[in-house]
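Participant: Could you have a look at this structure, given as structure tokens, before my questions?
The values are calculated or read from the model by the stated rules, or taken from the named source; none is laboratory data. This one's a predicted model, so the numbers in the text were calculated from it and none came from an experiment. Neighbour counts run over all protein chains shown; Cβ positions are idealised from the backbone, glycine included. Quick note on the areas: whole protein, heavy atoms, side chains included, nothing else; ligands and nucleic acids left out. Shrake-Rupley method; radii C 1.70, N 1.55, O 1.52, S 1.80 Å.
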Amino acid sequence: MVLLGKIALGFGATLAMAGAYTFHEGLLRVDVDETHGKGSHVHVWVPAAIVPMAMHFIPRDRMRDAGERARNFMPLVHAVAKELEKYPEAELVEVHDGPQYVRIRTHNGNLLIDANEPGQIVHVSCPLATIDDVSSELAAFAPAS
Amino acid sequence: MTSRTRHFFPVIAFLAATSLFAPLGTRAQSSASTSSTGSHGDRWLHVRVISTNAKGETVRVNVPLELAEKVLPAIDHDRLHNGKVRIGCMDCDGVDVRTLFEAVRSSKDGEFVTVQSNDADISVMKKEGMLFVHVHDKNKPKHSQVEVKVPLKVVEALLSGSKDELDIVAGLHALAGQGDVELVSVKDDDNTIRVWLDSKNVTTD
């Protein structure tokens, strides 16, 4: 019985560490709320650490296609993400235009985009390291020019 | 397994799990320390547009100059390549911009252009390595004021590229070497526009 308890404790500790690892890079979070009528509500929360891993399960031809489409702007995304990692807390853009509002900032190493307009509210939060990883993965699949 | 090792099994399991993930933690820590040190001495370019119309539009943009310097070379679009923008009129209507700039740069401080009319007052002057342009438009109900302050070193850096192109990255690099400075200030009936440089990553006003 004591042995079982100890095994459970060891297993629990490992599980806790695995959980900590899964979330150590933060969350990729997308919230879209359409506030009009029967508007849709989309809420996606994904541990950022699994995004680059999940990309390995995408069929290679699809990745090649995505890499080719993204080829022109991936170096830019990669450069922006890499540089923004040096600014973990920064207000970058804020635009108020009547009821419309856009705010782009970094917080705790995440890129946060908030956009409000009548009938729609969008919040996106993505760890900068994840953007960098994904852009590198996609760039690797882009055909050489 | 001896009774002694059985006692330590949960501890060993915990330590094994910890050591397995330790390198990641170390990486996260080093990345965090890089982040905090990376922010020291950063120069930020701020743009603020406040509209006094009914909608009350406001635009605030804060850009770290170092980021702009690193990112611009990654843009390869239209006339912008390798941080340089190609413009077709460096010799505009027979005026050689480089020669004109060289003449201004090498001349003593002073007011080069003064125009005073019923519509507007315009002055262009050079003082302590800066080029000042001041426009006072008298036609609008509330007189509009435009003030532009350009460090000559920035202009020199912009023109350091080959003919017919402006080296934006070199210009930004030169700008980063300047102290806190207000580059553009426009005040008129509808808008207040400010472009300035400092070391703060937020605009408080």
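Participant: Could you list, in sequence order, the residues of the stretch A:16-38 that are away from chain B (no Cβ under 12 Å) and either within 10 Å of the chain's Cα centre (by Cα) or at pLDDT 85 or above (or both)?
Facilitator: Listed by number, the residues that qualify are A:Leu27, A:Leu28, A:Arg29, A:Val30, A:Asp31, A:Val32, A:Asp33, A:Glu34, A:Thr35.
Participant: Listed residues B:Asp198, B:Asp188; which is within 14 Å of another protein chain (Cβ to nearest Cβ) and either open to solvent by less than 40 Å² (accessible area, probe 1.4 Å) or more than 15 Å from the chain's Cα centre (by Cα) (or both)?
Facilitator: B:Asp198
Participant: Also, I was wondering about something else. At pLDDT 90 or above, of a type in the set (Val, Ile, Thr) and either in contact with a Leu (Cβ under 8 Å, 6 or more places away or on another chain) or in a loop (DSSP other than H, G, I, E, B) (or both): is that true of A:Ile104 in this structure?
Facilitator: Against the criterion (at pLDDT 90 or above, of a type in the set (Val, Ile, Thr) and either in contact with a Leu (Cβ under 8 Å, 6 or more places away or on another chain) or in a loop (DSSP other than H, G, I, E, B) (or both)), A:Ile104 qualifies.
Participant: Follow-up. Looking at the stretch A:109-127, which of its residues are open to solvent by less than 50 Å² (accessible area, probe 1.4 Å), assigned to a loop (DSSP other than H, G, I, E, B) and within 14 Å of another protein chain (Cβ to nearest Cβ)?
Facilitator: Across the stretch A:109-127, the qualifying residue is only A:Gly109.
Participant: Then there's this: Which of (1) out of contact with any helix residue (DSSP H, G or I) (no Cβ under 7 Å at 6 or more places or on another chain); (2) more than 30 Å from A:Asn72 (Cβ to Cβ); (3) open to solvent by 60 Å² or more (accessible area, probe 1.4 Å) is the odd one out, the single condition B:Arg79 does not satisfy?
Facilitator: (2)
Participant: May I ask you to list the residues in the stretch A:89-108 that are open to solvent by less than 60 Å² (accessible area, probe 1.4 Å), closer than 18 Å to B:Val49 by Cα and at the interface with chain B (Cβ under 7 Å from one of its Cβ atoms)?
Facilitator: Listed by number, the residues that qualify are A:Glu91, A:Leu92, A:Val93, A:Glu94, A:Val95, A:Asp97, A:Gly98.
Participant: Which of the residues spanning the stretch A:27-51 are open to solvent by less than 90 Å² (accessible area, probe 1.4 Å), in contact (Cβ under 8 Å) with a residue 12 or more places away in the chain and farther than 17 Å from A:Ser125 by Cβ?
Facilitator: A:Glu34, A:Thr35, A:Gly39
Participant: Identify, by number, the condition in (1) farther than 29 Å from A:Ala18 by Cβ; (2) touching a helix residue (DSSP H, G or I) at 6+ places or on another chain (Cβ under 8 Å); (3) open to solvent by 60 Å² or more (accessible area, probe 1.4 Å) that A:Asn72 doesn't meet.
Facilitator: It is condition (2) that A:Asn72 fails.
Residues checked against (1) closer than 13 Å to B:Trp44 by Cβ; (2) of a type in the set (A, V, I, L, M, F, W, C):
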residue	(1), (2)
B:Ser144	no, no
B:Glu156	no, no
B:Lys163	no, no
B:Gln178	yes, no
B:Val181	yes, yes
B:Ser185	no, no
B:Trp196	yes, yes
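Participant: Something else about it: All but one of (1) surrounded by 12 or more Cβ atoms within 10 Å (Cβ to Cβ); (2) part of a strand (DSSP E or B) hold for A:Lys86, so report the exception by its number.
Facilitator: Failed condition: (2).
Participant: For the stretch B:127-142, what are the residues that are free of Cβ contacts under 8 Å to residues at least 40 places away in the same chain and open to solvent by 50 Å² or more (accessible area, probe 1.4 Å)?
Facilitator: The answer is B:Lys127, B:Glu128, B:Phe132, B:His134, B:Lys138, B:Asn139.
Participant: Would you check which residues across the stretch B:146-161 are in contact (Cβ under 8 Å) with a residue 40 or more places away in the chain and either among the hydroxyl-bearing types (Ser, Thr, Tyr) or over 19 Å from B:Glu182 (Cβ atoms) (or both) and list them?
Facilitator: Correct list: B:Glu156, B:Leu159, B:Gly161.
Participant: Is it true that A:Ala13 is touching a Pro at 6+ places or on another chain (Cβ under 8 Å), open to solvent by less than 40 Å² (accessible area, probe 1.4 Å), farther than 30 Å from B:Asn82 by Cα and more than 11 Å from chain B (Cβ to nearest Cβ)?
Facilitator: Against the criterion (touching a Pro at 6+ places or on another chain (Cβ under 8 Å), open to solvent by less than 40 Å² (accessible area, probe 1.4 Å), farther than 30 Å from B:Asn82 by Cα and more than 11 Å from chain B (Cβ to nearest Cβ)), A:Ala13 does not qualify.
Participant: Residues being at pLDDT 85 or above and either away from chain A (no Cβ under 11 Å) or open to solvent by 40 Å² or more (accessible area, probe 1.4 Å) (or both): count how many of those fall in the stretch B:39-48.
Facilitator: The qualifying residues number 3.
Participant: Of all residues in the stretch B:92-126, which are in contact with an Asp or Glu (Cβ under 8 Å, 6 or more places away or on another chain), surrounded by 13 or more Cβ atoms within 10 Å (Cβ to Cβ) and free of Cβ contacts under 8 Å to residues at least 40 places away in the same chain?
Facilitator: Within the stretch B:92-126, B:Ala120, B:Ser123, B:Val124, B:Met125, B:Lys126 qualify.
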